[in-house]
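Asks: Pasting a structure here, questions to come.
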Amino acid sequence: MEDSQMQDKTLNEKESLALIAQMIQNSQKRLERGAGGQMLVWGYATIFATISVWLALRLTGNPNWNFLWFLIPVIGYPYIVFKSRQPKLVKTYIDKVIRYIWMVVGITGFFLSAATIFSFMWAFPILFVVILMMGMGSMLTGLVTEFKPSVIGSLIGMLIGFVNYLVPDYDVKMLTFALAFICIDIIPGHILNYRAQKRCSKN
């Protein structure tokens with residue numbers, strides 16, 4: 001009787017591990033199918049907005065140009081809406097976890113950024129905070145889906161974020177902000193797209 005219970009327990013453990021592995025594999029496929037494009041859109045939108053704000057402030061000195069940061073959601077969200085209309089794979093619990101992670105990160109980041117811009121709290125290190133938040137979101141996604149480029153890129157991006165915080169020079173802050181998102185979004189996004197194309201060519 002005890003042997004039978006032990007066998008059932010072993011089988012259940014194996015089945016659970018197999019189920020988790022299958023969920024991770026499905027999430028990886030979903031990631032390759034659509035997340036690469038999303039990462040690139042958000043990454044390039046962030047760099048475009050960063051360059052726009054930097055040039056406008058350098059040329060005019062008018063802090064109202066900081067409203068150009070809203071170019072990021074203006075560029076990014078239409079793409080998300082467009083992708084939401086595409087055919088979808090069956091969602092797993094891991095997919096829901098990833099969605100909740102980015103929901104919390106996105107909402108928090110948006111309200112923090114909006115509060116900083118509208119209240120003109122220039123002493124608040126919003127660039128550093130945004131880098132950390134986006135880096136943590138990408139790292140958690142990479143860890144959950146076992147996508148190492150996101151984990152490594154996010155770690156490097158967050159380390160760059162500390163440089164952004166410690167260096168007082170405005171030009172360096174803007175440069176390191178853009179550089180952090182190259183590591184967090186753009187490089188992993190291109191790797192994801194490459195893997196997706198490679199998988200499609202094999203099929």
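Asks: If R₀ is 22 angstrom, what is the calculated FRET efficiency for the pair residue 155 and residue 114, using the beta carbon separation as r and rounding to 0.05? Each step should come with its number before you reach the end.
Replies: Details: r = 28 Å, r/R0 = 1.26.
Plugging the Cβ-Cβ distance into 1/(1 + (r/R0)^6) gives 0.20.
Asks: Just grab the label-to-label distance for residue 166 and residue 71, each label 7 Å out from Cα along the Cβ direction, in nm (one decimal).
Replies: That separation, rounded to one decimal, is 3.0 nm.
Asks: Under 17 Å from a point 7 Å along the Cα-to-Cβ line of residue 82: which residues of region 47-65 have their amide N that close?
Replies: Output list for this probe position: 48.
Asks: Something else: Work out how much length residue 100 to residue 59 would gain on full extension: take 0.36 nm times their residue separation and subtract the Cα-Cα distance, in nm to one decimal. Walk me through the intermediate numbers first.
Replies: Values: separation 41, 0.36 × 41 = 14.76 nm, distance 3.99 nm.
Result for the pair: 10.8 nm of gain on full extension.
Every number here is computed from the coordinates shown, using simple stated rules; none is lab data. Note that the structure is a prediction, hence the values are computed from the model and not measured. Glycine gets a Cβ as well: all are built from the backbone with ideal geometry, and neighbour counts include every protein chain shown.
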